[in-house]
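Q: Input: one structure, supplied below.
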Amino acid sequence: MEWLLVQGRSRYNSNVSEEDVLSTEGSRILNEVLALPVDERAELADRILDSLDETPDKERLERWAAETESRLDAIDRRELATRPGRGSAC
């Protein structure tokens, strides 16, 4: 398999088909993941990328920190609603 660096990320060469890379189980999981809401897909993608590189991407961490601050500010301004999380007593 050939890896390419595309926009700062490793990526398989486009000449390699999905069938050559993914097992039947991998294809099944991919189809299930693609059916999830975008926020869940983003979280899964972030976790998978983290698992590929043991050193955190400083730029990505900085972007997430900025996004977190932005969301907290929006919550404070009541522009963004919250909902109870897993295990919440609400």
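The values are calculated or read from the model by the stated rules, or taken from the named source; none is laboratory data. From a predicted model like this one, the values you see are computed outputs, not experimental measurements.
Q: Can you tell me which residue is modelled with the lowest pLDDT among those in the stretch 37-89 that are basic (K, R) and part of a loop (DSSP other than H, G, I, E, B)?
A: R86
Q: Answer with yes or no whether V16 is modelled with pLDDT under 90 and of a type in the set (A, V, I, L, M, F, W, C).
A: Against the criterion (modelled with pLDDT under 90 and of a type in the set (A, V, I, L, M, F, W, C)), V16 qualifies.
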